[in-house]
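Scroll down for the structure; my scribbles are underneath it.
The values are calculated or read from the model by the stated rules, or taken from the named source; none is laboratory data. Treat the numbers as computed from the prediction; the structure is a model and nothing was measured. No Cβ is skipped: glycine too gets one built from the backbone with ideal geometry, and neighbour counts run over all protein chains shown.
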Amino acid sequence: MTTIWKEPDGEKFALGSIEEQAHWQKEYQRILRAVREEADATRPAERIGRDSHTVGMALPRNDALYKVRGKARYAANIPMEGALFCRFARSTEAHARIRGIDISEAKAMPGVRAILTADDIPADQLLIGTLTDDTPVLAKDHVRYSGEPIVAIAAETEEAAEAACLAVEIDYEPLPMILTPEEALAPGAVQLDPDGNVIGDLKLENGDIEAGLRAADVVVEGSFVTEPVDHCFLEPPSGLAFVDPDGVLTVMVCTQYPHYHHKQIARVAGLPMEKVRVVQTVVGGAFGGKMDNTVECAIALLVLKTGRPVRMLYTREEVFTATTKRHAMKIRQKIGATKDGRFTALDVEYLADGGAYRSYSLVVGGRCVIHTGMPYRFPNSRVHYVATFTNYPPSGAMRSFGVVKVAFALESLIDELAGRLGMSPFEIRRINGLVDGDKTSTGQVIHDVGLLKTLEAIEPIYQERRKALAAQPDDGLKRGLGIACLGYGIGYSGIRNPSTARMRVTADGVVTACCGTPDIGTGSDMSLAQIAAQSSGVGLHRVRVVSGDSTKTDDSGPTSASRTTYFSGNAAYICGQDFKRQFEEAVARARGVTAAQVRIEDDRIVIGNERLSFEDACRLISAEIEDICGYGKFDPEIEASILTFKGNPYPTYVYATHLVEVAVDAELGRVDVLRCWAAHDAGTIVNPTGAEGQVDGGVAMGIGQALWEKVERRDGVILNPHYRDYLMAGAKDVPLEIKSIFIQNHDRTGPFGAKGLAEVSLIPIPAAIASALHDAVGIRPKRLPMSTEYLLGLINERARAAAPAAKAAAGDGHD
Amino acid sequence: MTIEISLQVNGVSHKFAVSPTETLVDLLRRRLGLTGTNKDCGMGICGACTVMLDGLPVSSCILLASQADGAAVTTIEAIERDGRLSPVQEAFLRHGASQCGYCTPGFIITASALLAENPHPSRDEIVEALKGNLCRCTGYKRIVEAVESVARQGGPT
Ligand code: FES
Ligand code: FES
């Protein structure tokens, strides 16, 4: 193995010379100061100018400095002398046996340096996966979706690798395809996996469903259909692998979970874990789509094969055709309620298309099952979730793990029920909404429940808009309002998922906080720095967060499930306290006073009547400053049965109520979302700039998913693998009037009372839009996306149904 | 076959021998190491690769290097001046208009070109100008607000 190059210490930005770095840090601090001075104008007097007390302040993120300058090191932007470029030859069949692979022509092509097939990987190292090792790094003799990688080629240029891939000859024996879960479950269906066609069959029962339905005065039911969606992170999967000067196989990659890849690559390459390092690069968006293996294993193996650095960047078409998608799902649901609006029963069945391999289908299933009925009291419920394999790309994790669809079905039916009972959408939710001390369907007793406060925040706005709409002059458009709520568990479902943090300080006073969960573009590094600073008492300006590096941070799980603020934030909080104690003790020893006489207070060290600057204190304790190592581990007790889901699956929950206002052109079926108000109980908000940014982005994604976004599939092929045909919202398509309201509902278990937010702002949007459409034009959409054709169909159907009735009414005077 | 072209990039004149299929984005990234210009769709739709060509924003992924012969190209690397962020860059930073940041250089180029042309655009004009740039993270609101804040101050210079 040749030694190549070493990435400068965990740096995610191309910083330039030392002078330049110092200069730009000063520039950032100048801007930060200006923003803080503006913010101080509205802060309580005791907090003004306090450098360590920044939790709750809207601050510009430090990484944005490099992003606006074009210096962010996405994997494709990392310079590397002599790197080869990798490409996959992918299956053109959705389901087939591979009879033979002929690489002779490809091998002879100019610039080709190595070709990798499954035969190069020992059989017991070939399979990888997130929960189950079921996915081959390269398909061996069986392909399960069109786009599945079969051959990896490393060549001198991207073009040479591409040309060589086209020259690979693969001899297929086509097999019957499974295109829907129904086909997968049909008797005699061809079996896609050695364990059959079912990925998961999950059930949760609570109370007595039959009795609950009998007790109901009204029952509403409906069947809902949702289509697969792509994450559309703008940065395609990308990575760079090389051997560093210490002989460590280093893989730099855009990922939500570097420690996962670390284990997988070590296993696939047959190397001890200490010989592999995975460094997360700056991530250009993820949304759940950067949790599975894409480029990682192939480039790592090709480095070992060629002795040269290897890089890879997917094309946009590859992103659409060969990365995970949100599950297509069918939902059948029934709700019972009494005349006075109390829910008595909830009966739900999910049938999910899991695609070719397991990926996160079980996690999505578990979350859907537990969240069915959230955030309401249902004394009796029955939930059944089945996911099957099909011959499409694997369905995986995506922002909310399926709960957006759970909410779409549930909130739509609640809206219908409210209408049937003549109740307002607020009243029915107030009657049934969870409050402190209630039990969820898993039997968990919950606390710090801010749901009703979010309803309260939205209701006056709703009333006011109602009046405004009534006064609106007729412009041919129909306007409507819709609300939807959510309750969402933070962290993994039902299994422990600890986070840790470590803090150290250099003799010149720079504090480094190593946190395991990476920043995937949400600004979590900034929030963690704020928490670590406030907890330890040091100034925010001296805290540097290092995250997402398998050698520098502990495995703290992925940045997913909205868990970073809460889990890693708590770890950073505990760690900050530990650091503070150790630092104070060291100062006390150096001064010969008791530890109780020393404290770090707002970036200064107070010893009796004396005050030292932090730098002076560091000099004072320089002999033992290296011994200081703050450590924090947050590992709340979480327990739920994997069979019945009973127990306490999450340490805390986030709640929200969203309101949207739409305008519908009933002739064209065109919908414009004009305004949105999003009230969240996400606990204390650590950085409002970051939090509002998450909400804005979630709302925009929710609108896209509600109205346009759909991966079009036919006969095993994805028909729209480009932005041209896959309609993602642009600046003209989404409202700029998105108002975030944060109910600052202090969570007793969160760091400074914080919970988390990233996924949830998307969840209620499709349901709220569907209800607003009912309000505007009287239709009840049950499909996502609610395409123009679909909506026009519903509008026309309703007009036809109304026409004879109107005629009859006009004819004989009866109603 | 190669084509000789001359190109001014960020104020510096260059001569290149390019292949007929070489795109401008590849030339900037590979030959000049100007990786601030990101690449995503390669089809002229997402705007991640936007650069200024003689002052106008263009998608550098669908422009052949040979088509740019004789032009002046400005990339994100040349937007900052004398060690200070440009007003547009500073506004993006302050307003939280950059999250994952992959789209950010493209938006900053587009916004800077707009403001050079029209220092006080209305909100509608801003949205119209930005419609060719996609962003998955921010929902556009803070991007538009950032550009508006500069428009209120009076242009990008
Ligand atoms: S990469 Fe050029 S427009 Fe998308
Ligand atoms: S900030 Fe991520 S795509 Fe715009």
*From A:LEU792, A:LEU762, which residue is surrounded by 20 or more Cβ atoms within 10 Å (Cβ to Cβ) and touching a residue at least 60 places away in the same chain (Cβ under 8 Å)?*
A:LEU762
*Which of the residues spanning the range A:502-525 are modelled with pLDDT under 95, buried (at least 24 other Cβ atoms within 10 Å of the Cβ) and over 10 Å from A:VAL546 (Cα atoms)?*
A:ILE520, A:GLY521, A:THR522, A:GLY523, A:SER524
*Is at least one residue of the range B:135-147 modelled with pLDDT of 95 or more, more than 19 Å from A:VAL282 (Cα to Cα), of a type in the set (Val, Ile, Thr) and away from ligand 2 (no atom under 15 Å from the Cβ)?*
no
*Test each condition in (1) outside the structural domain of B:ALA129 (by TED's automatic domain parsing); (2) among the small types (Gly, Ala, Ser); (3) in a helix (DSSP H, G or I) for B:ALA91 and report the one that comes out false.*
(1)
_So for the range A:636-653 (the condition being surrounded by 15 or more Cβ atoms within 10 Å (Cβ to Cβ), of a type outside the set (S, T, N, Q), under 25 Å from A:CYS575 (Cβ atoms) and in contact with a His (Cβ under 8 Å, 6 or more places away or on another chain)), does at least one residue qualify?_
no
_Neighbours by Cβ (under 6 Å, 6+ apart or cross-chain): first from the range A:711-729, among the small types (Gly, Ala, Ser); second assigned to a loop (DSSP other than H, G, I, E, B)_ = A:GLY716/A:ALA94; A:GLY716/A:SER146; A:GLY716/A:MET177; A:GLY716/A:ASN391
_Please pick out the residue among A:ALA656, A:ALA596 that is outside any loop (DSSP other than H, G, I, E, B) and either free of Cβ contacts under 8 Å to residues at least 60 places away in the same chain or at positive phi (or both)._
A:ALA596
_Subset tally (residues that are under 20 Å from the mean Cα position of the chain (by Cα), of a type in the set (Gly, Ala, Ser) and part of a loop (DSSP other than H, G, I, E, B)) for the range A:316-348_ = 0
_Flag for B:VAL25 being outside any helix (DSSP H, G or I) and more than 7 Å from chain A (Cβ to nearest Cβ)_ = no
_Checking A:ASP340 against (1) more than 14 Å from chain B (Cβ to nearest Cβ); (2) in contact with a Pro (Cβ under 6 Å, 6 or more places away or on another chain); (3) surrounded by fewer than 22 Cβ atoms within 10 Å (Cβ to Cβ); (4) among the acidic types (Asp, Glu), only one condition comes out false. Which one?_
(2)
*asked:* If I go through the range A:687-732 residue by residue, how many of them are within 20 Å of A:ALA328 (Cβ to Cβ), within 10 Å of chain B (Cβ to nearest Cβ) and crowded, with 24+ Cβ neighbours inside 10 Å?
replied: 4
*Matching residues in the range B:128-150 - criterion: being within 27 Å of A:ARG61 (Cα to Cα), surrounded by fewer than 24 Cβ atoms within 10 Å (Cβ to Cβ) and away from ligand 1 (no atom under 16 Å from the Cβ)*: B:VAL144, B:GLU145, B:GLU148, B:SER149
*Check B:CYS41, B:CYS103 and return the single one that is within 13 Å of the chain's Cα centre (by Cα) and within 12 Å of another protein chain (Cβ to nearest Cβ).*
B:CYS103
*Residues of the range B:28-81 being within 15 Å of ligand 1 (Cβ to nearest atom) and of a type in the set (Ser, Thr, Tyr), which ones?*
B:THR35, B:THR37, B:THR50, B:SER59, B:SER60, B:THR75
*Could we say that B:SER86 is of a type in the set (S, T, N, Q) and either within 16 Å of ligand 1 (Cβ to nearest atom) or more than 26 Å from B:SER149 (Cβ to Cβ) (or both) here?*
no
*asked:* Criterion first (aliphatic (A, V, I, L, M), surrounded by fewer than 18 Cβ atoms within 10 Å (Cβ to Cβ) and modelled with pLDDT of 90 or more) does A:MET80 satisfy it?
replied: yes
*asked:* Show the residue pairs meeting these rules: Cβ distance below 7 Å; 6+ apart or different chains; first residue within the range A:482-505 and farther than 30 Å from A:ALA768 by Cβ; second residue of a type in the set (Gly, Ala, Ser) and part of a strand (DSSP E or B).
replied: A:THR500/A:GLY632; A:ALA501/A:ALA513; A:ALA501/A:GLY632; A:ARG502/A:GLY630; A:MET503/A:ALA513; A:MET503/A:GLY630
*Can we say A:VAL587 is part of a helix (DSSP H, G or I), more than 29 Å from A:SER524 (Cβ to Cβ) and either outside the structural domain of A:PRO751 (by TED's automatic domain parsing) or under 31 Å from the mean Cα position of the chain (by Cα) (or both)?*
yes
*Could you please give the count of residues in the range B:107-127 that are within 16 Å of ligand 1 (Cβ to nearest atom) and within 9 Å of chain A (Cβ to nearest Cβ)?*
1
_Given (1) farther than 20 Å from A:TYR257 by Cα; (2) among the hydrophobic types (A, V, I, L, M, F, W, C); (3) assigned to a loop (DSSP other than H, G, I, E, B), index of the condition A:PHE401 fails_ = (1)
_Boolean, B:CYS49 is assigned by TED's automatic domain parsing to the domain that holds B:GLN8, within 16 Å of ligand 2 (Cβ to nearest atom) and either out of contact with any His (no Cβ under 8 Å at 6 or more places or on another chain) or of a type in the set (D, E, K, R) (or both)_ = yes
*Hey, does the range B:78-89 have a residue that's within 16 Å of ligand 2 (Cβ to nearest atom) and either over 22 Å from A:ARG724 (Cβ atoms) or modelled with pLDDT of 95 or more (or both)?*
yes
*With the condition kept exactly as written, say whether any residue in the range A:633-642 is of a type in the set (D, E, K, R) and part of a strand (DSSP E or B).*
yes
*In the range A:86-126, what count of residues is obtained for those that are assigned to a helix (DSSP H, G or I) and aliphatic (A, V, I, L, M)?*
3
*Six or more apart or on different chains, Cβ under 6 Å: which pairs go from a residue in the range B:123-147 that's on the phi > 0 side of the Ramachandran plot and in a loop (DSSP other than H, G, I, E, B) to one that's away from ligand 2 (no atom under 14 Å from the Cβ) and at pLDDT 95 or above? Could you list them?*
B:GLY139/A:VAL699
*Are any residues in the range A:349-364 surrounded by fewer than 24 Cβ atoms within 10 Å (Cβ to Cβ) and part of a strand (DSSP E or B), and if so, which ones?*
A:GLU349, A:LEU351
*Tally the residues that are in contact (Cβ under 8 Å) with a residue 60 or more places away in the chain and either away from chain A (no Cβ under 12 Å) or within 16 Å of ligand 1 (Cβ to nearest atom) (or both), restricting the search to the range B:1-22.*
7
